[in-house]
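**Q** The structure under discussion is supplied below as structure tokens; questions concerning it will follow.
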Amino acid sequence: MSKVTLTRGQKHCVFCRYWNGTIGSTTIQILPGGNAFQFDSNEKHSCFKKGRGMQMTALQECPYFMPRYDD
């Protein structure tokens, strides 16, 4: 397991509404201040936009990105 910290505005699968359906990340934690998140970079889930069998890691990016969390 490798913990990574990213800010809210970055376009990675961990922040995408298509990644793992309504559940999203199972390891994400909001950090104090509310603008940064920490999560396990090895986490993998299905992308519901690219195809149900397509496993994407938390740090991947794609052109279908749709933010899960409001700014």
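The values are calculated or read from the model by the stated rules, or taken from the named source; none is laboratory data. Owing to the predicted nature of the structure, the values given are computational and were not obtained by experimental measurement. Backbone-built Cβ (ideal geometry, glycine too); neighbour counts: all protein chains shown. Just the protein is used for accessible areas: all its heavy atoms, side chains included, with ligands, DNA and RNA removed. Shrake-Rupley method; radii C 1.70, N 1.55, O 1.52, S 1.80 Å.
**Q** Placing +1 at every Lys and Arg Cβ and -1 at every Asp and Glu Cβ, with all other atoms neutral, what dipole size does the chain have around its Cα centre, in debye to the nearest 20?
**A** On the way: 9 positive and 5 negative charges, 47 e Å.
Using only the charged Cβ atoms, the result is roughly 220 debye.
**Q** Please state the relative contact order of the chain as a whole percent: Cα pairs under 8 Å, 6+ residues apart?
**A** RCO, the chain: 40 percent.
**Q** Rank Tyr64, Tyr69 by accessible area, highest first, at a 1.4 Å probe radius? Could the numbers behind the result be given before it?
**A** Details: Tyr64 105, Tyr69 65 Å².
The ranking, largest first, comes out as Tyr64, Tyr69.
**Q** Heavy atoms only, probe 1.4 angstrom, no DNA, RNA or ligands counted: give me Thr57, Thr26 ranked by accessible area, highest first. It would help to have the intermediate numbers written out before the result.
**A** Working: Thr57 35, Thr26 95 Å².
I get Thr26, Thr57, largest accessible area first.
**Q** In terms of solvent-accessible area of protein heavy atoms at a 1.4 angstrom probe, what is the ranking of Leu6, Leu31, highest value first?
**A** Details: Leu6 20, Leu31 50 Å².
Descending accessible area places them as Leu31, Leu6.
**Q** For log10 I(q)/I(0) by the Debye sum over Cα atoms at q = 0.21, 0.28 Å⁻¹, one of [x] -1.02, -1.17; [y] -0.82, -1.41; [z] -0.92, -1.33 was computed from the structure I shared and the rest are decoys. Which label?
**A** It is the value labelled [y].
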